[in-house]
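A.B. asks: Okay, here's the structure, questions in a sec.
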Amino acid sequence: MINLTHKIEGAIYIISVVGDVDASSSIQLDNALGQALEDNQTKILVDCSKLNYISSAGLGVFMSYIQDFENKNIKLVLCNLNEKVIGVFRILGLDQLLKIVDTIEEGKKLIDEL
Amino acid sequence: MMNYSYKVPCQKEKLKDIRSFVSEALRKHGVPEVQIATMVLAVDEVCANIIIHTYKCDPDEYVEIIIKVDKKLNCVFEISDQGDKFDITQYQEPSMAEIIRNKRKGGIGLILVRKIMDDIELVQKDGHHVCRLTKKLGKES
């Protein structure tokens, strides 16, 4: 089960993920990113402070948008990942492919600089 | 050697219960949290694969997990699969570039399992297919 909310701060579209993103819930994350894309958002910050767990299904969602976002010049930054969650990104080296920062403030700063 | 077993219907919503079962069993043996997290992930990936791809989320089918932990904290996970055999040992990993290029949402779970576990094998046991994952923590007793 996950709970996804979004808000807009300035030009930044912030998605907050709460709960476990696994094979049963990853579709919701997929829909949330798809919605941002559809709304023509260009600066997307994913707040993972309450993301408790992620499996390959969730990683796959992020990976599936990398190309689209690059082509459309959409900035994606992830922030506030706990140690267990970032560990999963690191196993596959995804922490090198995605922009990941510690805090939401750093996320906002980075997304404006990109 | 301690054994734990858990059997659930093939529903994606049960993955969370499977993760709780694995973490609770490993915690009883004092396995470090970092190791618990990765092993929970590996079991979740194999079970998700069986539930979704082998059984197409059929709640009349079951997936069973047996965990064996010895004194040196060597952990064996036996996940029984009675459906069509998917031979993980023959699986060709897609590259990261390929996954991104093709926008594949699947295919990376088994890469994670391989990176986390020391050994993965498919065995036949009592007429069932069993995916056996082994992680040797090798704690000095």
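A.B. asks: Considering region B:1-26 alone, what residues qualify as being of a type in the set (A, V, I, L, M), in a strand (DSSP E or B) and away from chain A (no Cβ under 14 Å)?
C.D. replies: Hit for region B:1-26 is B:MET2, nothing else.
A.B. asks: Report, by residue number, each residue of region B:5-23 that is under 17 Å from B:LEU137 (Cα atoms) and not β-branched (Val, Ile, Thr).
C.D. replies: Across region B:5-23, the qualifying residue is only B:SER23.
A.B. asks: Looking at region B:102-115 only, could you name the residues that are at the interface with another protein chain (Cβ under 7 Å from one of its Cβ atoms) and either outside any loop (DSSP other than H, G, I, E, B) or modelled with pLDDT of 70 or more (or both)?
C.D. replies: Once the filter is applied, which keeps residues that are at the interface with another protein chain (Cβ under 7 Å from one of its Cβ atoms) and either outside any loop (DSSP other than H, G, I, E, B) or modelled with pLDDT of 70 or more (or both), region B:102-115 yields B:ILE108, B:GLY109, B:ILE111, B:LEU112, B:LYS115.
A.B. asks: Could I ask something else about it? Collect the residues in region A:1-16 that are within 14 Å of the chain's Cα centre (by Cα), within 15 Å of A:GLY107 (Cα to Cα) and β-branched (Val, Ile, Thr), keeping them in residue-number order.
C.D. replies: A:ILE12, A:ILE14, A:ILE15 - these are the residues of region A:1-16 that are within 14 Å of the chain's Cα centre (by Cα), within 15 Å of A:GLY107 (Cα to Cα) and β-branched (Val, Ile, Thr).
A.B. asks: Report yes if B:LEU41 is more than 11 Å from B:ILE65 (Cβ to Cβ) and within 11 Å of chain A (Cβ to nearest Cβ), otherwise no.
C.D. replies: Judged against the criteria, B:LEU41 is a match.
A.B. asks: Give region B:27-42 a look and list any residue that's crowded, with 18+ Cβ neighbours inside 10 Å and touching a strand residue (DSSP E or B) at 6+ places or on another chain (Cβ under 7 Å), or say none.
C.D. replies: Of everything in region B:27-42, those that are crowded, with 18+ Cβ neighbours inside 10 Å and touching a strand residue (DSSP E or B) at 6+ places or on another chain (Cβ under 7 Å) turn out to be B:MET39, B:ALA42.
A.B. asks: Now for a separate question. Out of the residues in region A:72-88 that are assigned to a loop (DSSP other than H, G, I, E, B) and within 14 Å of another protein chain (Cβ to nearest Cβ), which is surrounded by the fewest Cβ atoms within 10 Å (Cβ to Cβ)?
C.D. replies: Result: A:LYS72.
The values are calculated or read from the model by the stated rules, or taken from the named source; none is laboratory data. The model shown is predicted, which means the values in this text are computed figures rather than measured ones. Heads up, the Cβs are rebuilt from the backbone with ideal geometry, glycines too, and the neighbour counts pull from every protein chain shown.
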